[in-house]
Amino acid sequence: MLPASLDEAVDALAAAPAAVPVAGATDLMEAVNAGRLRPAALVGLGRITELRGWRYEDGGTAVLGAGLTHARMDRPDFAALIPALADAARTAGPPQVRNVGTLGGNIVSAAPAGDTLPVLTALEASVTLARADGTREVPVSHLLTGLDPVRPGELLTWVRVPLLHAPQVFLKATGRSGPARATASVALVLDPARRAVRCAVG
Ligand SMILES: Cc1cc2nc3c(=O)[nH]c(=O)nc-3n(C[C@H](O)[C@H](O)[C@H](O)COP(=O)(O)OP(=O)(O)OC[C@H]3O[C@@H](n4cnc5c(N)ncnc54)[C@H](O)[C@@H]3O)c2cc1C
């Protein structure tokens, strides 16, 4: 199934509860090729243009579409907005992977080496999960720790990130040169309004 809108995608998942959403397929195909996953059906998210951008919300928050690619988040306009997330996106695999791999896929995969995850945790970001019977908002940290995981049939649609307008950075160690997955990573953000410094380690 290749829905063209968010509503169509949510309806497709409701109609076929065993179907699995797929965005860039960089994690999903690895699991299929390794025999860890045999999806009964796929709901492709690639045609949903509304998920590929971002908007501002009152209260100093950026609302990012789950379909934003790592390559898009590495561009200067995005880097000026959320520098640590752009740092993470810049190092998330080779260019072929960053051109199609998405923010939503990185979060739902929740891999220990997921580069956006320490950043989103340190920034205290939250996600919107949509299903035919409604939506709910969950802090990224609750999703990652298993306190409130993504449920079957849910679509991750938006990622709400507080804009702190202060220094923030993401660093990772890979154990080799060139693009590679992190053996360890850290995000450090300053939050002047709350007189806080937050750190998350991957
Ligand atoms: C060679 C290679 C190198 C890599 N290097 C890195 C690296 O250095 N750092 C890093 O962080 N990652 C790396 N990755 C992993 C991968 O590229 C990222 O995790 C990427 O962000 C996944 O996004 P995707 O769109 O490809 O997800 P997909 O593979 O399409 O999906 C991944 C999972 O998320 C689910 N999903 C996707 N979108 C949604 C949604 N909107 N709602 C609900 N569920 C959804 C899918 O069902 C699936 O379970 C690498 C992958 C490869 C193949």
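A few points about this structure:
- When we screen 36, 47, 52 for residues that are over 19 Å from residue 158 (Cα atoms) and not acidic (Asp, Glu), the only hit is 36.
- Against the criterion of being closer than 21 Å to residue 61 by Cβ, within 17 Å of the chain's Cα centre (by Cα), more than 16 Å from the ligand (Cβ to nearest atom) and among the aliphatic types (A, V, I, L, M), residue 155 does not qualify.
- Within the stretch 33-65, being without any contact (Cβ under 8 Å) to a residue 24 or more places away in the chain and of a type in the set (Asp, Glu) holds for one residue alone: 58.
- In the stretch 62-107, the qualifying residues are those that are part of a helix (DSSP H, G or I) and charged (D, E, K, R), and the one that is surrounded by the fewest Cβ atoms within 10 Å (Cβ to Cβ) is 77.
- Residue count, the stretch 11-40 (criterion: outside any loop (DSSP other than H, G, I, E, B), over 21 Å from residue 99 (Cβ atoms) and over 18 Å from the mean Cα position of the chain (by Cα)): 6
- Residue pairs whose Cβ atoms lie under 7 Å apart, separated by 6 or more positions or on different chains, with the first residue in the stretch 123-152 and part of a helix (DSSP H, G or I) and β-branched (Val, Ile, Thr) and the second modelled with pLDDT of 95 or more and surrounded by 17 or more Cβ atoms within 10 Å (Cβ to Cβ), are 140/107; 140/120; 140/121; 140/125; 140/126; 140/127.
- Flag if residue 102 is closer than 20 Å to residue 188 by Cα, within 13 Å of the ligand (Cβ to nearest atom) and hydroxyl-bearing (Ser, Thr, Tyr): no
The values are calculated or read from the model by the stated rules, or taken from the named source; none is laboratory data. All values derive from a computational prediction rather than experimental measurement. Every residue, glycine as well, gets a Cβ built from its backbone with ideal geometry; the counts of neighbours run over all protein chains shown.
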